[in-house]
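The values are calculated or read from the model by the stated rules, or taken from the named source; none is laboratory data. Nothing here was measured: the structure is a model prediction, and the numbers come from that model. Cβ: placed from backbone, ideal geometry, glycine included. Neighbour counts: every protein chain shown.
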């Protein structure tokens, strides 16, 4: 699967958020909260789709966060 | 155009500066009792009592000098005739300022001055604006008895500076210019060379002004009592006849100026002594570089074109508005509401910005609005809100006068915030210690009478490591201000932070290799800051424009809280904002997730307030940030953009991506003064207004709301907010305001921190610092004094995560970017002024070892390449930067520095990582534009 620039950027942003979240306690929940505050619904939906198609491209905590969202 | 605004401009010169003592003394001046602070000069006391003692070498912006001997007075019970400028008042003192003896002495002094001064008053450029002329009249000089002898009448003029002339034949050697350069500006470029009759003002070592260390701040011109140092504009045009008080539109210092005009022709900009931010000082940009406002490149008529490869067509306003609205409506119909968005400008007023974000949310029915703070201080907003509860610096500028230790991190105040830089230097000369954390050896590290106690010359990208190491030392050495933490902060978060920061991984020894800063240097700096008494942190884009920009802001906030350096004069966390209204643009709801006053769009209370006032339903989900909009444009989902006063095709990183996104849009509307790089991709050009044409407010880096008053009418015929309102109306949502004051009234009604603000209040008080509301009707110079805005200060752990951008075998050097004194951001304004004599092109600074390795000599053309792109510019070999690091500016589109910066950005805010780009350079034979 070839990713376009926007998809690559979304993956990079999500992984970066997971890697930099200051508190290491319950990172997935913090990611959910951060994305709810700053990401548009289409961006969150696109990331979820990418997680289904290319789970290896995403940090485990991002995947856990997306699982929390349901 | 509103009716002309008449604001009283107080320009009485009291002769000497105010004394700061809280005790007072009472003296009698010519029989009139006057009570003044102890230490006040007789001259100032007399002036306050309504008696102006003749003077030449004295002015109230400078310490008394006592050289001209014109201000002599008689003091009862004392012998002689002391100079009133250097003699302090004492309790019960009785002073006579006018006696036959004094008259004779003063007339004799003036006679000597005039015996060596050209008698060309009627044709002199300072005729009517000359203190020497005034004093000759005041003392009643009618003739000069001395025969012609040796004199300085044939002394040559120095016309080298583009903005002012130095005519030595008119100099009375009062030293006001020399003292202004030293005391006010702190550059020490001027001196009095030689002795006795040969004494003369000398820039550096008898250089021409342009070749000297002079930074053209204008303080010497301001201080000169004759026509010796004078603006060329005054020489060319004549003495101004009317004045309007307004605010500079360059950096975030937000200096107050008095615009002096003849009719509608601006003659000069004079810094306002009453200006809260600048107190009568200025820099070369605000003082002199305003000619762009009438530059022939200005576009003053709206233009449209069907496609970006067709010619622009000038049209009337209604056609331009209808053209843009039709295109935007078509996009909405075909692609939905979220296919449109806007960028607001930090160069525009609060009122102009507010109506743009209102148009986006209420009229375009999307939250896709962002602002240029995205690419500069968005991490400041995030980090300070998390820790302190609000997105703003904590102090007023005057606070630095109480600082015992000043820590400057990733900022270069003498270049980028020069008027505040001068204020800071004054405090440093008084003995405050200085710690600089910067990869570059900025001027403050070592300049006349200033030397940093410690310079932590870190590797680009390791800020968080260094500040964590500082905090580690403070925590493990027992230097925490436990009482402050217990009383003011969230203790659980503090305990978690203390455990984290005390870990060995955060020790200076562990981080020395990563950061490039020796452990002992960090330990020394930590001790200086922790034991400061008053420790103040000032920072700039060298903090925010990193992949860990937000983390770094929180790390600094932790440091300040842990040492109790918050909530009083002389301390704090102080972002030095890049543009004049970055603070204001953020305050006004320019971010896609926040309404004005930093309330999230999901906040039902806030949303209901706006819904009720605006009469439309508003979206509760955040909109897209600038990079998200650009990404979506390339994907085909984002099709139209309104860009207010920004040149993203020059200023934003990874320009290939920016231009590809702009090219993919169906309608780009640019509102600006000039056709710029972004307008190459635009379909509609809406002419904007320069700051001289605006009516509104700017909010500076210290949260000071200043009035911007229209000095001349808008060249395009409309205010920018009127244009935005017209577009909104054409899109189906009317925004009706009679004037800018009404917009501010709405801002005040909808923004808790602005609740008490109005144009009337600003006109009455000059300026005010938010929060200004029922709890703080006179504003808030120092924030978090009793409690943090969020209640308790929140400590946040700040693990150091290295940036992905690292030097490699292919790109072994790290490029960092910045700006210099004479140019401003993308240069749209300053490149259209004579400031180009100091900086005509971007130049890459490179360490001698790196240059030698690559066969590059000083002045050579080189190619700079990164993984994003390449460009060419000249090299300058410099020891201001360490080996392995190169530096350049981004002021010129020809070199297009942002062609090589990458898409890396701050993890929390997407602020671009301008400060770290891995590059390689190699000699290049020819000049070429960015590729």
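Quick notes on this one:
- Restricting region B:527-567 to residues that are within 14 Å of chain A (Cβ to nearest Cβ) and either assigned to a loop (DSSP other than H, G, I, E, B) or free of Cβ contacts under 8 Å to residues at least 60 places away in the same chain (or both), the residue that is surrounded by the fewest Cβ atoms within 10 Å (Cβ to Cβ) is B:547.
- Test for residue B:584: is it surrounded by 24 or more Cβ atoms within 10 Å (Cβ to Cβ), away from chain A (no Cβ under 11 Å), on the phi > 0 side of the Ramachandran plot and in contact with a strand residue (DSSP E or B) (Cβ under 6 Å, 6 or more places away or on another chain): no
- Index of the failed condition, residue B:663 passing every other in (1) under 23 Å from residue A:35 (Cα atoms); (2) within 14 Å of chain A (Cβ to nearest Cβ); (3) surrounded by fewer than 24 Cβ atoms within 10 Å (Cβ to Cβ): (1)
- Considering (1) over 30 Å from residue B:426 (Cβ atoms); (2) in contact with a helix residue (DSSP H, G or I) (Cβ under 8 Å, 6 or more places away or on another chain), the lone condition that residue B:389 does not fulfil carries the number (2).
- Checked against the criterion of being touching a strand residue (DSSP E or B) at 6+ places or on another chain (Cβ under 6 Å), over 19 Å from residue B:422 (Cβ atoms) and in contact (Cβ under 8 Å) with a residue 24 or more places away in the chain, the candidates B:193, B:208, B:155 yield just one match: B:208.
- Condition check for residue B:60: within 30 Å of residue B:242 (Cβ to Cβ), at pLDDT 95 or above and outside any helix (DSSP H, G or I): yes
- Looking only at residues in region B:876-918 that are over 26 Å from the mean Cα position of the chain (by Cα) and within 14 Å of another protein chain (Cβ to nearest Cβ), the one that is farthest from residue B:807 (Cα to Cα) is B:907.
- Conditions (1) free of Cβ contacts under 8 Å to residues at least 40 places away in the same chain; (2) in contact with a strand residue (DSSP E or B) (Cβ under 7 Å, 6 or more places away or on another chain); (3) surrounded by fewer than 24 Cβ atoms within 10 Å (Cβ to Cβ); (4) within 12 Å of chain A (Cβ to nearest Cβ); number of the one not met by residue B:594: (3)
- If you check A:32, A:62 for being modelled with pLDDT of 95 or more, within 11 Å of the chain's Cα centre (by Cα), buried (at least 20 other Cβ atoms within 10 Å of the Cβ) and away from chain B (no Cβ under 11 Å), only one passes: A:62.
- Conditions (1) surrounded by 18 or more Cβ atoms within 10 Å (Cβ to Cβ); (2) out of contact with any helix residue (DSSP H, G or I) (no Cβ under 6 Å at 6 or more places or on another chain); (3) under 22 Å from residue B:448 (Cα atoms): number failed by residue B:186: (2)
- Criterion applied to B:249, B:277, B:259 was being in contact with a helix residue (DSSP H, G or I) (Cβ under 9 Å, 6 or more places away or on another chain), within 20 Å of residue B:705 (Cβ to Cβ), in contact (Cβ under 8 Å) with a residue 12 or more places away in the chain and not in a loop (DSSP other than H, G, I, E, B), and the one residue passing it is B:259.
- Against the numbered list (1) under 21 Å from the mean Cα position of the chain (by Cα); (2) modelled with pLDDT of 95 or more, residue B:347 comes up short only at (2).
- Of the numbered criteria (1) away from every other protein chain (no Cβ under 12 Å); (2) at pLDDT 95 or above, the one residue B:630 fails is (1).
- Members of region B:633-657 that are more than 10 Å from every other protein chain (Cβ to nearest Cβ), touching a helix residue (DSSP H, G or I) at 6+ places or on another chain (Cβ under 6 Å) and at pLDDT below 95: B:646, B:647, B:648, B:649, B:652, B:653, B:655
- Evaluation of residue B:200 against (1) closer than 28 Å to residue B:266 by Cβ; (2) in contact with a helix residue (DSSP H, G or I) (Cβ under 8 Å, 6 or more places away or on another chain); (3) in contact (Cβ under 8 Å) with a residue 40 or more places away in the chain (one fails), failing number: (1)
- Criterion (farther than 29 Å from residue B:782 by Cα and in a helix (DSSP H, G or I)) met by exactly one of B:227, B:293: B:293
- Total residues in region B:366-392 satisfying the condition of being touching a strand residue (DSSP E or B) at 6+ places or on another chain (Cβ under 7 Å), crowded, with 24+ Cβ neighbours inside 10 Å, over 22 Å from residue B:754 (Cβ atoms) and within 14 Å of another protein chain (Cβ to nearest Cβ): the figure is 2.
- Matching residues in region B:601-623 - criterion: being within 14 Å of chain A (Cβ to nearest Cβ) and touching a residue at least 12 places away in the same chain (Cβ under 8 Å): B:601, B:602, B:619, B:620, B:621, B:622, B:623
- Inside region B:297-339, residues that are surrounded by 14 or more Cβ atoms within 10 Å (Cβ to Cβ), part of a loop (DSSP other than H, G, I, E, B) and touching a helix residue (DSSP H, G or I) at 6+ places or on another chain (Cβ under 7 Å) make up a count of 2.
- Whether a residue is closer than 15 Å to residue B:184 by Cα and either in a helix (DSSP H, G or I) or modelled with pLDDT of 95 or more (or both) was assessed, and residue B:421 passes this test.
- In region B:486-504, of all residues being closer than 12 Å to residue B:473 by Cα and not in a helix (DSSP H, G or I), the one that is farthest from the other protein chains (Cβ to nearest Cβ) corresponds to B:502.
- For region A:1-29, a residue qualifies if it is at the interface with chain B (Cβ under 7 Å from one of its Cβ atoms) and in a helix (DSSP H, G or I), and the qualifying residues are A:5, A:6, A:9, A:16, A:17, A:19, A:20.
- Subset of region B:32-51 that is touching a residue at least 40 places away in the same chain (Cβ under 8 Å) and assigned to a loop (DSSP other than H, G, I, E, B) - its residue that is surrounded by the most Cβ atoms within 10 Å (Cβ to Cβ): B:40
- Some residue of region B:495-505 being crowded, with 22+ Cβ neighbours inside 10 Å, in the same structural domain as residue B:565 (by TED's automatic domain parsing) and under 18 Å from residue B:572 (Cβ atoms): no
- Top-ranked residue of region B:776-817 - restricted to ones that are crowded, with 19+ Cβ neighbours inside 10 Å and at positive phi, ranked as farthest from the other protein chains (Cβ to nearest Cβ): B:779
- Restricting B:577, B:599 to those that are at pLDDT below 95 and within 30 Å of residue B:748 (Cβ to Cβ) reduces the list to B:577.
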